[in-house]
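Down below is the structure, laid out as structure tokens.
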Amino acid sequence: MSATDGATQNVIPGHLLKGQKALVTGANSGIGRATAIALGRAGADVVVNYVAGREDAEQVVEEITAHGVRAAAYEADVSDEDQVVAMMDRMVGEFGTIDILVANAGLQRDAPFTEMSVAQWQKVLDVNLTGQFLCAREATREFLRRGVVPEVSRAAGKIICMSSVHQVIPWAGHVNYASSKGGVQMMMQTLAQELAPQKIRVNAVAPGAIRTPINRDAWETPEAREDLLRLIPYGRIGDPEDIGYAVVGLASDLMDYVVGTTLYVDGGMTLFPGFATGG
Ligand code: NAD
């Protein structure tokens, strides 16, 4: 059964995040797109960040507003400090504040280690790690300015870092990506420790294999799918909605006591499936 079927979608309570303002980076594709839509279904107003592909972003905005909430598409490169600052200023100006940041934007630039250029290394670190740092910093400044508004949420703000199972699973041929996600894990925990006294909850979601454009090679052909499924005890490749629902849960007050945790959403990929029969 796919997570995208109607039965699953209808379980999101439309009032769970009512009145909250969410920013999702890289929200015109894949996981970010599904997350932005899930947040809208849960009653949040949503800023859909994109760096390229305005039409896709506008389409996501349309899907969100169909649920009776506000949404807007903002262009910004998350690795550029001035653009992130301007995006947050615009959001506070137009939406009043920010309650939920989903630092999702990310990319891969794969190469065997000895062939990896500094440009490939740097680009991935700039977007996947520095991008999350910049967005988290700007969101936190606004959370601290505003403080807790009890009618809206028990927390002053929620940050959800999009990590990966590769924050703990080494990944040959992807040293830049795995290093960036390892960095995200420690950044998330450090921010969670530093900001919890101010009632800011910082957590991460670590997806396993989710069917999106970033990893098309891994699921496009039957052979690739078969290889991939060997790594997933639960026996299916994830859908972007699987991650969107996890983010909605983590962002909501139902999980108000969850601080500094990584929620693995991976069908059991981090359970060392190779040891199910061996070892
Ligand atoms: P995707 O390629 O569909 O989406 C990535 C998004 O990030 C795109 O919208 C892209 O335009 C955006 N982006 C890239 N650089 C940006 C920048 N400088 N500024 C703003 N936006 C930028 O891939 P996805 O699978 O949806 O990936 C989303 C996140 O999930 C990434 O952080 C990725 O590392 C993580 N992730 C994905 C998987 C998976 O299996 N798909 C697994 C683990 C983690």
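General observations
- Residue pairs whose Cβ atoms lie under 8 Å apart, sitting 6 or more positions apart in sequence or on different chains, and linking a residue in segment 204-217 that is closer than 19 Å to GLN132 by Cβ and open to solvent by 70 Å² or more (accessible area, probe 1.4 Å) to a partner that is outside any helix (DSSP H, G or I) and more than 6 Å from the ligand (Cβ to nearest atom), are ILE214/GLN108.
- Pairs meeting the criteria (first residue in segment 51-66 and farther than 22 Å from ASP126 by Cα and in contact (Cβ under 8 Å) with a residue 24 or more places away in the chain, second residue in a helix (DSSP H, G or I) and away from the ligand (no atom under 13 Å from the Cβ), beta carbons under 7 Å, at least 6 apart or on different chains) are ILE64/GLY40.
- Filtering segment 148-191 to residues that are in contact with an Asp or Glu (Cβ under 8 Å, 6 or more places away or on another chain) and either charged (D, E, K, R) or without any contact (Cβ under 8 Å) to a residue 24 or more places away in the chain (or both) leaves ARG154, LYS158.
- Some residue of segment 44-52 being among the small types (Gly, Ala, Ser) and away from the ligand (no atom under 13 Å from the Cβ): yes
- Restricting segment 167-178 to residues that are buried (at least 20 other Cβ atoms within 10 Å of the Cβ) and not aromatic (Phe, Trp, Tyr) leaves a set whose member that is farthest from VAL118 (Cα to Cα) is GLN167.
- Counting only helices (runs of 4 or more DSSP H) that sit completely within segment 1-103, those holding 2 or more residues that are within 24 Å of ALA156 (Cβ to Cβ) correspond to 30-41, 81-95.
- Hey, ARG211 charged (D, E, K, R), in contact with a helix residue (DSSP H, G or I) (Cβ under 6 Å, 6 or more places away or on another chain), at pLDDT 95 or above and within 14 Å of the ligand (Cβ to nearest atom) or not: yes
- Among residues of segment 230-260 being over 21 Å from ALA34 (Cβ atoms) and open to solvent by 60 Å² or more (accessible area, probe 1.4 Å), the one that is nearest to the ligand (Cβ to nearest atom) is LEU231.
- When residues of segment 19-33 are limited to those that are in contact with an Asp or Glu (Cβ under 6 Å, 6 or more places away or on another chain) and open to solvent by 20 Å² or more (accessible area, probe 1.4 Å), the one farthest from the ligand (Cβ to nearest atom): LYS21
- Which numbered condition MET188 misses (of (1) within 8 Å of the ligand (Cβ to nearest atom); (2) open to solvent by less than 20 Å² (accessible area, probe 1.4 Å); (3) assigned to a helix (DSSP H, G or I)): (1)
The values are calculated or read from the model by the stated rules, or taken from the named source; none is laboratory data. All figures in this text were calculated on a predicted structure; none of them were measured in a lab. Note that we place each Cβ from the backbone using ideal geometry, even for glycine, and neighbour counts take in every protein chain shown. Remember, those area values only see protein heavy atoms, side chains included, never the ligands or the DNA or RNA. Shrake-Rupley method; radii C 1.70, N 1.55, O 1.52, S 1.80 Å.
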